[in-house]
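Have a look at the structure below before the remarks.
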Amino acid sequence: MEKVGKAIVKLRIPILILSVLLLIPAGIGYVKTKVNYDILYYLPGDIDTMKGQDILMDEFNKGAYATVVVKGMDAKGIEKIEDKIENVEHVTDIISYNSMVGAEVPTEIIPSKYRSYFENQESGCTMFMIFFDDTTSSDGTMAAIQELRNIADGQCFISGMSAVVTDTKNITQQETIAYVVIAAVLTSIVLALFMDSFLVPVFFMLSIGMAIVYNLGSNVIMGEVSFLTKALAAVLQLGVTMDYSIFLWHSYKEQKSEYPDDHNKAMAVAIGNTITSVVGSSITTVAGFIALCFMTFTLGLDLGIVMAKGVVFGVICCVTVLPSMVLIFDKAIEKTKHKVILPDLSRISKWVVNHFYIFIILFFILIGPAIYGYTHNTVYYDLAGTLPKSLESITANDKLEEQYHMGATHMVLLNKDTSSKDVVKMTKEMEQVDGVNAVLSLDSVIGTTIPKSMLPSDIVDVFESGDYKMMLIMSEYAVASDEVNAQCDTLKKIVKEYDETGMLIGEAPCTKDLIDITDEDFKMVSAVSIGVIFIIIAIVFKSITLPIILVSVIEFAIFINMGIPTYTKTTLPFIASIVIGTIQLGATVDYAILMTNKYKRARYHGAEKKEAVIEAMQGSVQSIVVSALSFFAATFGVGLYSNIDMISSLCLLMARGALISMCAVLLFLPAM
């Protein structure tokens with residue numbers, strides 16, 4: 001590897017020029033990469049709810065939908081608003097009392113009870129539904145939502161997943177750059193405290209920053225990424241790959257003492273050593289992210305691929321771009337040297353090893369409560385419920401609940417051959433289900449005695465198209481609640497009784513599928529990540545007992561980290577259990593590997609077991625602390641700043657996990 005190091009040193013100026021030039025296509029790729037703000041999009045395409053969404057789009061030209069509540073407006077004003085909404089690009093249909101009655105339909109045809117579904121006489125509110133010709137998170141739908149808000153001018157409240165997605169997009173666009181700035185500033189402070197030069201952290205940031213830009217730019221080959229991936233990728237990559245740069249710098253300093261008059265030689269050797277160590281270390285991190293790709297819920301695939309790429313780019317830049325910068329600006333680095341501000345932590349090694357029995361006892365005291373907490377977490381699936389209450393979509397959701405006691409809206413797709421008589425019977429059964437406020441379909445509204453030929457074609461086309469009929473079900477239960485999940489199960493049974501091919505679709509049924517699928521994903525991904533990392537460590541150390549000890553220590557740290565929310569009564573995002581366990585294991589097992597490598601080296605050179613543990617800890621404690629604190633700094637600030645609870649929770653969990661893993665490796669691993 002030293003030959004590779006010599007080549008990099010020799011070509012340092014061309015490498016630095018090329019690395020800067022590559023930022024141009026990477027930047028273009030970043031701008032051209034689309035972002036998907038709809039979490040439910042990542043459900044597998046072969047389930048009924050997702051098939052039904054496709055049918056709705058293909059047969060009815062209906063993708064997204066929204067519910068509008070108008071307050072304090074007379075009939076003429078509402079009619080004007082509806083006319084304006086119909087002319088908005090991407091709006092296909094409006095379902096309201098006016099649209100169902102209209103000028104051509106006698107009022108007596110429509111049962112009076114349906115008027116109360118749309119109009120609340122006491123509060124003076126009127127409700128109607130809007131369908132769009134594109135998907136929930138498409139640019140067209142979000143642009144239409146924004147235009148509708150402009151038309152509404154404060155008198156209309158627009159709710160629904162499309163409105164939530166639009167607000168999520170606005171928040172993430174405002175905050176994403178701030179995430180990177182906060183992470184970079186806080187990480188730089190940590191490095192400045194632990195490094196012996198004020199300039200070195202700057203080059204660390206520049207090198208890792210380039211790797212981040214390359215990674216985000218290369219996402220263009222994927223077509224689009226999730227907003228969650230976009231928001232977390234830079235911060236995670238910074239935190240996870242920082243220790244590679246730290247390792248190179250420490251190795252370079254060691255080699256400079258060997259070759260004080262030849263810094264090029266020192267760097268060549270340091271690069272060779274870094275490649276050997278970092279490649280092996282990064283494999284476990286990559287394996288952790290690759291494990292996410294096994295999720296049926298393909299958000300894991302999205303995040304896993306992007307972060308695995310990020311680690312690879314981080315390694316490449318660490319052994320090419322960073323050495324080039326350090327050598328080119330070597331004199332400036334020397335001039336900005338200072339004493340390390342924080343004390344040498346290696347002195348705690350002897351005390352920890354001499355009192356190992358304390359940590360063995362502590363391990364057995366903590367393991368029970370940690371596992372209990374880990375297995376009794378409460379999680380949420382309703383993404384809208386965790387967004388700031390000031391958002392327009394959340395205000396609209398609250399208004400809908402307040403005025404109409406309405407939460408989720410379901411849709412039913414039936415075979416067109418289903419008789420009107422059966423649809424009416426089905427409607428009556430559905431209306432008896434707990435929490436169902438109203439059921440709307442063409443057959444239920446006009447009954448079985450009135451010919452559809454009497455109705456205008458544009459009204460018929462709203463509910464019937466191609467080979468399918470559509471029904472709307474308005475529920476008083478909130479999305480992701482136990483009540484609505486039970487309601488969905490009951491409604492599905494009723495649908496299947498009348499039409500074997502019938503489908504219940506909408507946000508609530510999709511979210512129920514999300515709950516079922518991610519529960520299985522959690523078990524599978526945890527097993528894959530532990531298994532793969534176990535095998536890698538077993539191969540590296542040629543031992544079975546060492547991977548058991550190393551993985552057990554980090555899993556213990558994960559149990560504590562994920563168990564704490566149970567005792568603090570904190571509700572976590574559903575994705576946390578899957579993502580945090582995998583990332584914390586893959587990213588922080590490197591701490592344990594570093595100490596174990598030094599322990600084995602000391603034993604190889606003849607040290608007794610106790611002496612070898614002390615020597616291993618002394619040689620690794622500073623690197624582990626700097627790496628863990630860098631990871632903590634990169635994620636903690638973002639967790640405090642973000643207004644999106646899913647991003648905030650994940651970052652705070654990762655920040656805490658880095659510190660807990662650090663303590664577990666420094667205190668419990670030596671005892672084992």
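The values are calculated or read from the model by the stated rules, or taken from the named source; none is laboratory data. Predicted model, so just to flag it, every value in this text is computed and none were measured. Cβ coordinates were reconstructed from backbone atoms using ideal geometry, including for glycine residues, and neighbour counts include every protein chain displayed. Protein only, heavy atoms only, side chains kept; ligands, DNA and RNA dropped before computing areas. Shrake-Rupley method; radii C 1.70, N 1.55, O 1.52, S 1.80 Å.
Kindly evaluate Ile171 against the criterion of being open to solvent by less than 20 Å² (accessible area, probe 1.4 Å), assigned to a strand (DSSP E or B) and either of a type in the set (Gly, Ala, Ser) or modelled with pLDDT under 90 (or both). Here the answer is no, as Ile171 does not meet what is asked.
Matching residues to (1) touching a residue at least 12 places away in the same chain (Cβ under 8 Å); (2) of a type in the set (Asp, Glu); (3) touching a helix residue (DSSP H, G or I) at 6+ places or on another chain (Cβ under 9 Å); (4) open to solvent by less than 10 Å² (accessible area, probe 1.4 Å):
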{"position": "Gln487", "(1), (2), (3), (4)": "yes, no, yes, yes"}
{"position": "Met503", "(1), (2), (3), (4)": "yes, no, yes, no"}
{"position": "Phe522", "(1), (2), (3), (4)": "yes, no, yes, no"}
{"position": "Ser543", "(1), (2), (3), (4)": "no, no, yes, no"}
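Scanning the stretch 337-357 for residues that are in a helix (DSSP H, G or I) and either of a type outside the set (A, V, I, L, M, F, W, C) or in contact (Cβ under 8 Å) with a residue 40 or more places away in the chain (or both) returns Leu345, Ser346, Arg347, Ile348, Ser349, Lys350, Val352, Val353, Asn354, Phe356, Tyr357.
Residue by residue, here is whether (1) modelled with pLDDT of 85 or more; (2) out of contact with any helix residue (DSSP H, G or I) (no Cβ under 6 Å at 6 or more places or on another chain); (3) open to solvent by less than 30 Å² (accessible area, probe 1.4 Å); (4) closer than 22 Å to Thr49 by Cβ holds:
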{"site": "Tyr374", "(1), (2), (3), (4)": "yes, no, no, no"}
{"site": "Asn377", "(1), (2), (3), (4)": "yes, no, no, no"}
{"site": "Asp382", "(1), (2), (3), (4)": "no, yes, no, yes"}
{"site": "Ala396", "(1), (2), (3), (4)": "no, yes, yes, no"}
{"site": "Gln403", "(1), (2), (3), (4)": "no, yes, yes, no"}
{"site": "Met406", "(1), (2), (3), (4)": "no, no, yes, yes"}
{"site": "Asp417", "(1), (2), (3), (4)": "yes, yes, no, no"}
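Residues that are open to solvent by 70 Å² or more (accessible area, probe 1.4 Å) and in contact (Cβ under 8 Å) with a residue 60 or more places away in the chain within the stretch 21-47 comprise Leu22, Pro25, Ile28, Tyr30, Lys32, Lys34, Tyr41, listed in sequence order. Checked against the criteria, Ile580 does not count as more than 22 Å from the chain's Cα centre (by Cα) and among the β-branched types (Val, Ile, Thr).
Report yes if Leu236 is closer than 17 Å to Val181 by Cβ and not polar (S, T, N, Q), otherwise no. So Leu236 passes the test. Of the residues making up the stretch 590-602, not a single one is under 24 Å from Ser245 (Cβ atoms) and under 23 Å from the mean Cα position of the chain (by Cα). Selection over the stretch 370-393 of residues that are within 11 Å of Asp645 (Cβ to Cβ), outside any strand (DSSP E or B) and not charged (D, E, K, R) gives a count of 6. On inspection, Glu59 qualifies as assigned to a helix (DSSP H, G or I), of a type outside the set (A, V, I, L, M, F, W, C), over 23 Å from Glu224 (Cβ atoms) and open to solvent by 30 Å² or more (accessible area, probe 1.4 Å). Consider Asp482 carefully, then state whether it is within 30 Å of Val423 (Cα to Cα) and under 30 Å from the mean Cα position of the chain (by Cα). For Asp482, the condition - within 30 Å of Val423 (Cα to Cα) and under 30 Å from the mean Cα position of the chain (by Cα) - is met. Would you confirm whether or not the stretch 571-588 contains a residue that is over 20 Å from Phe632 (Cα atoms) and either open to solvent by 30 Å² or more (accessible area, probe 1.4 Å) or in a helix (DSSP H, G or I) (or both)? Checked against the condition, which is being over 20 Å from Phe632 (Cα atoms) and either open to solvent by 30 Å² or more (accessible area, probe 1.4 Å) or in a helix (DSSP H, G or I) (or both), the stretch 571-588 yields at least one hit.
Within the stretch 237-269, being of a type outside the set (S, T, N, Q) and either touching a Cys at 6+ places or on another chain (Cβ under 9 Å) or outside any helix (DSSP H, G or I) (or both) holds for Tyr244, Phe247, Leu248, Tyr259, Pro260, Asp261, Asp262.
If the Cβ limit is 6 Å and pairs must be 6+ apart or interchain, which residue in the stretch 648-670 that is free of Cβ contacts under 8 Å to residues at least 60 places away in the same chain and within 18 Å of Val626 (Cα to Cα) pairs with which residue that is hydrophobic (A, V, I, L, M, F, W, C) and open to solvent by 20 Å² or more (accessible area, probe 1.4 Å)? From residues that are free of Cβ contacts under 8 Å to residues at least 60 places away in the same chain and within 18 Å of Val626 (Cα to Cα), the pairs are Ala655/Phe632; Ala655/Phe636; Leu659/Phe632.
Could you tell me whether the stretch 310-331 includes any residue that is modelled with pLDDT of 80 or more and surrounded by fewer than 12 Cβ atoms within 10 Å (Cβ to Cβ)? Checking the stretch 310-331: at least one residue is modelled with pLDDT of 80 or more and surrounded by fewer than 12 Cβ atoms within 10 Å (Cβ to Cβ).
Of the residues in the stretch 64-84, how many are within 21 Å of Ile394 (Cα to Cα) and open to solvent by less than 20 Å² (accessible area, probe 1.4 Å)? Selection size over the stretch 64-84: 6. Here is the figure for the stretch 185-209: residues that are closer than 18 Å to Ser19 by Cα and crowded, with 24+ Cβ neighbours inside 10 Å total 3.
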